Amino acid sequence: MGLDWIASPSTSLRGTLDVPGDKSVSHRAIMFAALADGVSRIEGFLEGEDTRATAAIFRQLGVRIETASDGVRIVHGVGIDGLQASNAPLDCGNAGTGMRLLTGVLAGQRFDCVLIGDESLSRRPMRRVIDPLSRMGARIEANEGGLPPLRVHGNHVLQGIDYTTEVASAQVKSAILLAGLYAHGDTTVREPHPTRDYTERMLAAFGWPIEFAPGFARLSGGHRLRATDVHVPADFSSAAFFIVAATLVPGSELRLQRVGMNPRRTGLLHVLRAMGADIVEQNPSEQGGEPVADLVIRHAALHGIEVPVEHVPDMIDEFPALFVAATCAQGATIVRGAAELRVKESDRIATMATGLRALGISVDETPDGATIHGGRVHGGRIDSHGDHRIAMAFAIAAQLADGEVRIGDVSNVATSFPGFDALARAAGMNVKPFD
């Protein structure tokens with residue numbers, strides 16, 4: 001039986017918080033440091049189950065990775081062609097990012113391998129990665145429907161392709177680019193909407209020639225990665241729950257330190273500000289090739305809007321938090337163009353809609369979004385369906401409820417935000433484990 005939370009209304013949230021390191025950057029830092037020539041130091045590494053799974057896989061593949069202290073990894077790179085075969089399957093746990101990016105890396109190796117995941121990951125579609133990699137010459141087998149486990153066969157010569165993705169997905173783009181490191185010729189990825197450019201920025205930081213702009217990236221194979229030190233910024237997706245909570249709870253003022261402000265990641269800020277939020281950026285700087293800033297958030301009354309479609313790809317992981325903000329806004333908030341939410345750790349549109357209705361909120365679902373009608377949040381019982389972002393979103397919603405909210409199956413929160421409930425309590429929220 002999974003862990004549950006009991007969450008209940010709070011008065012005001014105050015203080016200065018450090019949220020965990022960025023999960024996407026942590027995954028990529030381990031991968032590129034492992035494939036680089038030399039020794040890299042990673043600071044601010046997210047100590048979550050997903051990122052630890054990625055590190056464990058590269059250890060299986062022959063890379064020496066030291067844990068110098070909490071949040072610090074020393075990676076002894078083996079070079080672009082130095083990975084070794086593993087006799088055991090490579091377990092990605094709950095990490096969709098890890099599995100999709102690793103598929104790109106492993107498509108260019110000399111050996112066979114098998115990628116597996118937990119029950120949730122085993123239900124997530126991988127065809128969108130398998131198809132373009134197969135066009136490059138990779139041979140990848142999956143279960144019916146393109147579901148994991150993935151059996152990646154080695155000793156296949158890859159050729160660069162010019163590929164336009166059907167959906168805007170940084171994971172798909174990254175898998176193709178990583179396979180492109182091993183391919184003959186140029187690999188080009190074009191997107192219908194620009195997505196996060198973590199992979200492009202970090203490849204450049206590790207010395208791989210790459211050309212990129214919003215919605216476009218091109219590189220060629222045959223180069224080397226050189227070791228470099230990486231300072232991982234605070235994860236914007238983790239910060240999002242505290243941004244929304246401080247906005248909604250009267251009397252609140254929170255400072256979140258050194259938050260990653262990659263422009264392909266911060267769509268939620270634009271949308272919340274359009275709804276009336278009071279969010280100030282201070283102390284802007286650059287950390288490990290990524291822009292960072294402190295965020296100061298004060299309570300503000302929100303009003304419903306139609307979310308601009310151009311911001312959707314830049315906030316795909318923040319929609320559970322946005323749904324909660326919309327719940328407490330005056331009027332209706334309309335979301336379109338977010339069909340990608342249907343294939344995350346859960347069907348996040350359906351799961352959020354069901355949960356909000358259980359708390360007394362009116363929600364109209366559509367195939368690619370929803371209309372959320374602002375209203376009074378009641379107490380109740382929620383099933384997170386093992387989705388970490390759903391669990392944290394309802395912990396925030398409970399701070400505005402008129403009674404207790406029990407949130408079921410929250411164990412997977414540790415995949416992306418270990419210690420969320422403790423940090424939430426430190427800020428003034430009422431969230432506690434329930435046996």
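Annotations for the structure displayed:
- 0 to 90° range, to nearest 10: angle between helix 170-180 axis and the chain longest Cα axis: 10
- Once the Cβ-Cβ distance of THR11 and PHE434 is raised to the sixth power relative to R0 = 25 Å, the FRET efficiency obtained is 0.70.
- Förster radius 45 Å - calculated FRET efficiency between ARG110 and GLU306 (Cβ-Cβ, nearest 0.05): 0.30
- Between the alpha-carbon centres of the stretch 246-273 and the stretch 48-95 there is a gap of 32 Å.
- Comparing GLU340, GLU310, GLU43 in a Gaussian network model of the chain, where Cα atoms under 10 Å apart are tied by springs, the biggest mean-square fluctuation is seen for GLU310.
- Label-to-label distance, ASP278 versus GLU119, with points set 7 angstrom from Cα along the beta-carbon direction: 4.5 nm.
- Comparing mean-square fluctuations of ALA245, ALA227, ALA29 from a GNM of the chain with C-alpha springs under 10 Å, the top value falls on ALA227.
- A crude spin-label estimate for the pair LEU147 and HIS373, with each label 7 Å from Cα along the Cβ direction, gives 3.6 nm.
- Separation between Cα centres of the stretch 307-346 and the stretch 363-419, rounded to whole Å: 13
- Hydrodynamic analysis of the chain uses the Kirkwood radius over alpha carbon pairs. Inserted into Stokes-Einstein at 37 °C and 0.692 mPa s, it gives a translational diffusion coefficient of 151 µm²/s.
- Counting beta carbons within 10 Å around each of ILE80, ILE382 and listing the fewest first gives the order ILE80, ILE382.
- Taking every C-alpha pair closer than 8 Å and separated by at least 6 residues, the mean separation divided by the residue count of the stretch 23-231 gives a relative contact order of 21 percent.
- The stretch between GLU286 and GLU404, if pulled fully straight at 0.36 nm per residue, gains 38.4 nm over its current Cα-Cα span.
- Rounded to the nearest 20 debye, dipole of the chain from Cβ charges on Lys, Arg, Asp, Glu: 360
- Simple label model, 7 Å out from Cα along Cβ direction - HIS76 to ALA350, nm: 4.8
- Note on LYS173: lysines with a C-alpha under 30 Å away, same-chain residues under 8 apart excluded, are LYS23, LYS344.
- Result for the chain in a Gaussian network model with C-alpha springs under 10 Å: among ALA36, ALA246, ALA213, the largest mean-square fluctuation is at ALA213.
- The calculated P(r) of the stretch 23-231, using every Cα pair and 10 Å bins from 0, goes 9, 38, 40, 12, 0 in percent.
- If the chain linking ALA88 and ASP364 were pulled fully straight, counting 0.36 nm for each residue of separation and taking away their Cα-Cα distance, it would gain 94.8 nm.
- The chain, helix-only ellipticity at 222 nm - DSSP H runs n ≥ 4, -39,500 (n - 2.57), divided by all residues, nearest 500: -8500 deg cm²/dmol
Every number here is computed from the coordinates shown, using simple stated rules; none is lab data. Quick caveat: nothing in here was measured; it's all calculated off a predicted structure. FYI the Cβ positions are ideal-geometry reconstructions off the backbone, even for glycines, and counts take in every protein chain you see.
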